[in-house]
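Take a look at the structure below.
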Amino acid sequence: MIDINSIISEMTTEGSQVIIPLIQQMLGLLPDIPMIKLMVSFILWKPIFAALICPGFSTLGILLLFFPWIERKLCARIQWRVGPREVVRWLGGIIQLLADTLKFIFQEVIIHKDAHKFYFLQFPLLTFIPALLPILFVNIASADAEYPLVAIQSPYAIQIMLALICLFPVFILGMGWASNSRYAFIGTVREAFMYFAYEVPFIIAVLAMIILFGTSGSVAITEWQSTWWRWGIICNPFAALAFFIGSAMATSRLPFEIPEADQEVAFGPFVEYSGIGFGLVYIVCYEKMYVLSALMTMLFLGGGNGPYIAPLGDLSGAVWFLLKTIIVMTTLAILRPIYPRYRLDQGLGMGWSAILFLALIALVLSIIMRSVGMVL
Amino acid sequence: MEEGEKNRNIRILHSGVFTPLRRWGTKWSLWPCHFVTSCCGVELAHAFACGFDGERLGTLNMGIARQANFIIVEGTITRKMAPALRIVWEQMPDPKFVNVIGACGQRGGIFWNSYNIVHPSDVVPVDFFIPGCPITPEGLLRGVRAVQEKIEGRDRTTIEFKHVDLPSVEKEEHRVPTTPKIFAPTPAIRVDVPREVDWDFGKEVVNNLKAQLGGLYNSIAITDKNRIAIKTTPENLMEVARKLSDSMGIDHVKNVNVIDVAHERKFIVEYMVSGYSKELMPVIITIFTEIGRETEAEAEPGFPSLTPLWESANYSEREMHDFFGVSFEGNKGMNEKFLLAPDTPEYPLRKDFKVEEELYVLEEGVPLAPTIKPPEELTMPVSEETLDEAEKNDEMVACIGPHHPGSGHLRWIMRLKGDVIVEVNPDPGYVHRSMEKLAENRLYIQNVPLFERANISDPINMNLGYVRAIENALGVEVPERAKYLRTIMAELSRIGAFFYDAGIFSLFTGHSTGFMYVWAIREMILEAIVRMTGSRCTPSFIIPGGIRRDISDDVLELTRNFTFAIDTRLRKFEDIFVTNPVFIARTKGVGVLTREDAIRCGIVGPFLRASGVEYDIRKAEPYEVYDQLDWEATTGDAGDCLGRFLGRLEEIKQSVGIVRQAVDAVKGMPRGNVISEEILGEYKEVSDDIRGYFFRVYGNLVLPKGEWTSITEASRGTLLYSIISDGESNVPYRVRVVTPCWMNLRGIIEASKGERVADFWTVYGSFGYFPPEADR
Amino acid sequence: MKKVAVPEYRVGEKVKLHARAIGTAMVESVYPKTVTTQYPRERKKMPDNFRGYILFEVDKCISCFQCAFVCPANAVRAKEAPNGRYYPTIDYAKCIFCHFCIDSCSGGALKTTKIHDVAYKDMDEMLTLTEEMIEPPEIIREDKKSVEYLIDEKDLHLKRVREVDTLFVAVTPPVEIPMVSQCIDRANCIGCRVCEEVCESGAISSSAENGVLKMKIDTDKCTGCGLCVKECSMQILRLVRK
């Protein structure tokens, strides 16, 4: 039995509401109906706000709608062309993804004869679980804020996020298996190999940061990096590099776009998906990118830390956080026009030699810094 | 195609809920599944590269059937390809649209009476047809716009003609003229018509040969400079070949040819062989024999194969088996079709197989093109042996193509052991458009545009090779200015072809920026060519005796300037792609062909040079003005993918130099006189511009009796044309074309053995394989 | 012969090359060398000799059939007009735009245009009859600007002009070489009258005098189309200069 009153009292305790001076006055104009007031304070209740608005569902949705456009435009610019433009020309084609999404939604979904129908349909949806859940642990408040802005506070936030992210390839393997096609098979095996390639150095890099921070709670990490010279990327650049390359591998960005290589295995595990099925896997890749970028921002770029913007109140940290996340995402995206693709064995080799080496250096560095107490 | 199917997709879009949203979404998100079957694919790439950027319209090139909703059929759909088109169309989710671009996909274009094409509109319902050969990128984008408007509900043709009544004063009955083609009914065919030439080395070789071959030959003749013909019998053929190989160092086969002399009930089978030693380089020795032709058309006469001795003959022998039904005993591929589809007519190049005749008068009720029944069978089987053997060895068989983002239009049957390629077997012929058969039924001059379409990424060299064979036969000397202009154009074409290959290579390694950069450079080359000739990709500008019209100085100046622009942009390309460490890691040491392997497989051109053979026809047997300009041929030692690529890159720098020198030389020359007076005859006034007298001058061209072989260094290697003329007809008796890509196919197979799966595309890309050129 | 060696790179050089590739991309993302013609909003200017759709002038046509004969794709077929003469029609579903027909037209009756971007919804519409080839057709155009490629000694630039490019060009007529048909061997004439029947200008006439058929070529009427020369079964006719 849920005790409504206790929830309401928790909602309205000090510091559990998101305070944004810019819209606070507008909220005052709302009619004095208890139900609406309740709704508003429910939405502005920090855990709910974090899950639904920022950095959760709405931010993610908006980002997913525009980020592929940004990526395509950026690619096009580097490639001496224009990119998506003509759809609503005065907006410069910014809603291109909306058109694509609508098309996907209304397209026929084909389940071919050889597919394992049940898994073929559910895996694209299931992938959203490991892709969405990590966002709940992301703290976007700056260190100056009195109260954190995070959906679930946990001392083991980073570990849980990592575990969820590492669950991701399992679903892609499932998709490839359910597709039952040769290209999907080759692509799936490649995905599995790449998973082996990046996972160990990736985890070691994160471990190095946890050792350095001495904590793995998302709030504590933000507090630790309160000034810019204490940002993770400056304290331990090796870990940052290993993490970045690891995320490029995890999100199948070039030069590690090996499982999906469309000239070779025609999108590998996703080759048989059509309509909204493909739409989901197309989107989920960007979602994974968002999660990894958010994690990178948290661990290495100081999370929501940045100059305080008064009118935005609690959202000030969120703005900095999002800005940094988008920068990381753009950096991942810009790899596409720069690099060709490595071969599978080369990718695997790199993962187990250079990047692992880098991660180990990072680990040693962290241990040294921690034990010497250089920065603490 | 049933009537109801045609607008089914529009009906789907216009029914159900959220119709405006569905229409809007589909309109701005047409993802084309490119069916780059042939030439028009090059222009499609231009339309989606930086020159025109089709992505502006929301059309993202996809290439995978399940995710695309729009097929653009680029050009010819052959009998072999038609099932693939139907399968891909059926794999696509509704609503889906089909545009057909290029004349080949409509009523067949220049291939209208070919035995191997089908009309795409019989296979799938087509929304729009875009004329052109090839279409321009603008045309393609107009087609995309037309589909967008159709989705909105405005289904219309985008041109409107005004009807003007013709004069109708008097009415007289006229007799309709007959065909301009003259066929000699029973011509005497000889491939060893001797010719007096000033060639001492040749006489020496002939004497040598006579001494060595003893009683093995029937006759030896010098047919032209650098051409020797040896007649022998089928029994002695192998012995003659072995002697040539052992004593003279003949190491490769350039051409295997069969000539059907139906009225004398015989086949002439010839092998053109040569060696890569310094003095033998330009020499082509033709060994030919005659075998009896069975009275029944079905029977396959046997003939000893030379494949055990020279592996480079392998694929050509299999091709000839398809065409003529001559069974080469000793070649393993004799029990299956290679180039042709299972339902193509048997032995189409035999003379008793006739193609549709031209009609010169439009009459009501007479169809504009022959009706062709598309194939009904939708399977494309892999041979049982391959499957059995693979299963026995615990290997996986993966078919790449014919419709795959990285296959080109042929099928590769791969046998994989883990991530390692055990063997790749090619299944070519998806773009086989029967050029050799059609050429036998067209005037000599009409074959100029025909052969050009074998490879529109390198049209001018294709054109030049054919024209040189004719000029050689007629003994026509080309005016100096025309020679220079031809050289300029040929080199531009070579640069264009290299950039085409480089673009495809970068796409195959996953680097789309490299593709875009070189396509921007290609756009400039096409701009230069369009200003010279009036056509972007298919100029048909080089004609026997010269070029169609003189080129003005400001166009030449522009051409010179843009060589500098190429340099500027090429540097960017090098920075981002060529020296990119990832690219180097992918290509270095991959797909190595040693000198011996390269010669054994019979690969040609820059790819052979990359393995260390110093053979460039422009140096070995100079034509046009290559011997008057200062340039160097390139070679390399590595023989790997990177070596092949860098070698061609260096060649482009040399070509740019050639263009600059040639432009400077031409500017100093007096204008006009670009067509040889010998060929113009009475019409000397038009020597600067053929306009008005083209048919008068060229319509009745007849070549002297004999076989006329020309070799040309096309961008991808040795291009060999062999025209057999009977001396009476104004159509060739037989034209044999051996394109470089056809010879290089064997090299791809050899080089990718034992490499990893992903390396296959690196090897493939490094060879610059262009399926229409290989399949002809 | 120039040897091209495959380069060897050490780790330091590799880092430099990575930096160079990334640097190039960064520079291009700030100052891109965009070369895109934004068709259909803009249209690239084609040179006057561009080979596009073909127009026809009735007055200049001598019905010589050469356009039909030379067409490699058999797209040009002559159609009988109400006045009994044959004029060309073009099937754009087969036309390959080689313009051999234009180059063969000695009267200059066929002319090029710069139209090349057309979509047909039906293949039957692609046959263009003589009646439709006379007046310039109208195409759907959305372009407001025209783009021209300028190449200076450094790079390619796009020059955009706010004008709608005209697609029809003025063509100078080809050189005139007046030819007439002449019989070179009257003795061998068998009097089959094919030349008379095939002649579209009515220059060849026959008269029977005393039972002997006499053929006459009126050099004033003769357009020099050469059909009689081609059709003559005895090959005794030649085209000569007037």
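Please verify whether the range A:20-34 includes one or more residues that are of a type in the set (Gly, Ala, Ser), surrounded by 12 or more Cβ atoms within 10 Å (Cβ to Cβ) and free of Cβ contacts under 8 Å to residues at least 40 places away in the same chain. Among the residues of the range A:20-34, not one is of a type in the set (Gly, Ala, Ser), surrounded by 12 or more Cβ atoms within 10 Å (Cβ to Cβ) and free of Cβ contacts under 8 Å to residues at least 40 places away in the same chain, which makes the answer no. Residue pairs whose Cβ atoms lie under 6 Å apart, separated by 6 or more positions or on different chains, with the first residue in the range C:20-37 and more than 9 Å from chain B (Cβ to nearest Cβ) and the second among the aromatic types (Phe, Trp, Tyr), are C:Pro32/A:Trp80. Applying the criterion of being free of Cβ contacts under 8 Å to residues at least 40 places away in the same chain and of a type in the set (S, T, N, Q) to the residues of the range B:50-80, the residue that is farthest from the other protein chains (Cβ to nearest Cβ) is B:Asn61. For the range A:43-68, the tally of residues that are of a type in the set (A, V, I, L, M, F, W, C) and surrounded by fewer than 15 Cβ atoms within 10 Å (Cβ to Cβ) stands at 3.
Listed by position, the strands (runs of 3 or more DSSP E) inside the range C:124-242 whose residues that are closer than 30 Å to B:Thr157 by Cβ number at least 3 are C:145-151. Selection of first residues in the range A:179-191 that are among the polar types (S, T, N, Q) and of second residues that are buried (at least 22 other Cβ atoms within 10 Å of the Cβ), restricted to Cβ pairs under 6 Å at least 6 apart or on distinct chains, gives the following pairs, ordered by first then second residue: A:Ser179/A:Glu272; A:Ser181/A:Val271; A:Ser181/A:Glu272; A:Thr188/A:Gly176; A:Thr188/A:Pro269. Here B:Met320 does not qualify as modelled with pLDDT of 85 or more, more than 30 Å from B:Pro402 (Cα to Cα) and in contact with a strand residue (DSSP E or B) (Cβ under 7 Å, 6 or more places away or on another chain). Each residue in the range B:650-688 was checked for being farther than 28 Å from B:Asp567 by Cβ, buried (at least 24 other Cβ atoms within 10 Å of the Cβ) and more than 13 Å from chain C (Cβ to nearest Cβ), and 1 of them qualify.
Only residues that are in contact with a Pro (Cβ under 8 Å, 6 or more places away or on another chain) and closer than 15 Å to C:Ile177 by Cβ were counted in the range C:212-230, giving 1. Does C:Ile96 satisfy the condition of being more than 7 Å from every other protein chain (Cβ to nearest Cβ) and of a type in the set (Val, Ile, Thr)? When the stated conditions are applied, C:Ile96 does not pass them.
To keep it simple, each residue is scored yes or no on (1) under 17 Å from B:Ala497 (Cβ atoms); (2) at pLDDT 85 or above; (3) at the interface with chain C (Cβ under 7 Å from one of its Cβ atoms).
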| position | (1), (2), (3) |
| --- | --- |
| B:Leu526 | yes, yes, no |
| B:Ser535 | yes, yes, yes |
| B:Ile543 | no, yes, no |
| B:Asp550 | no, yes, no |
| B:Asp553 | no, yes, no |
| B:Thr563 | yes, yes, no |
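Count of the range C:201-238 residues, restricted to those that are within 20 Å of B:Arg696 (Cβ to Cβ) and touching a strand residue (DSSP E or B) at 6+ places or on another chain (Cβ under 7 Å), is 12.
For the range B:337-388, the set of residues classified as more than 30 Å from C:Phe65 (Cβ to Cβ), in contact with a strand residue (DSSP E or B) (Cβ under 7 Å, 6 or more places away or on another chain) and among the basic types (Lys, Arg) consists of B:Arg350 only. Within the range A:337-365, the only residue that satisfies the criterion of being under 23 Å from the mean Cα position of the chain (by Cα) and surrounded by fewer than 22 Cβ atoms within 10 Å (Cβ to Cβ) is A:Leu356.
Among the conditions (1) within 30 Å of B:Trp519 (Cβ to Cβ); (2) assigned to a helix (DSSP H, G or I), the only one that A:Arg81 does not satisfy is (2). Taking strands (runs of 3 or more DSSP E) as the structural unit, those lying wholly within the range B:376-433 and holding at least 2 residues that are away from chain A (no Cβ under 14 Å) and either surrounded by fewer than 19 Cβ atoms within 10 Å (Cβ to Cβ) or over 28 Å from the mean Cα position of the chain (by Cα) (or both) correspond to B:420-427. Just one of the listed residues (B:Ile110, B:Ile151, B:Ile87, B:Ile117) is within 24 Å of the chain's Cα centre (by Cα) and more than 7 Å from chain C (Cβ to nearest Cβ), and it is B:Ile117. Sub-6 Å Cβ pairs linking a first residue in the range B:628-649 that is within 7 Å of chain C (Cβ to nearest Cβ) to a second residue that is assigned to a helix (DSSP H, G or I) and aliphatic (A, V, I, L, M), at least 6 apart or interchain, are B:Gly636/B:Ala610; B:Gly643/B:Ala610; B:Gly647/B:Ala610, ordered by first then second residue.
Taking the conditions exactly as written (without any contact (Cβ under 8 Å) to a residue 12 or more places away in the chain, part of a loop (DSSP other than H, G, I, E, B) and acidic (Asp, Glu)), does B:Glu346 satisfy them or not?
Against the criterion (without any contact (Cβ under 8 Å) to a residue 12 or more places away in the chain, part of a loop (DSSP other than H, G, I, E, B) and acidic (Asp, Glu)), B:Glu346 does not qualify.
Scan the range B:572-622 for residues that are surrounded by fewer than 24 Cβ atoms within 10 Å (Cβ to Cβ), at the interface with chain C (Cβ under 10 Å from one of its Cβ atoms), among the small types (Gly, Ala, Ser) and more than 30 Å from C:Ser29 (Cβ to Cβ) and the total you get is 2.
The values are calculated or read from the model by the stated rules, or taken from the named source; none is laboratory data. Just so we're clear, the structure is a prediction, and the values are computed from it rather than from any experiment. Cβ coordinates were reconstructed from backbone atoms using ideal geometry, including for glycine residues, and neighbour counts include every protein chain displayed.
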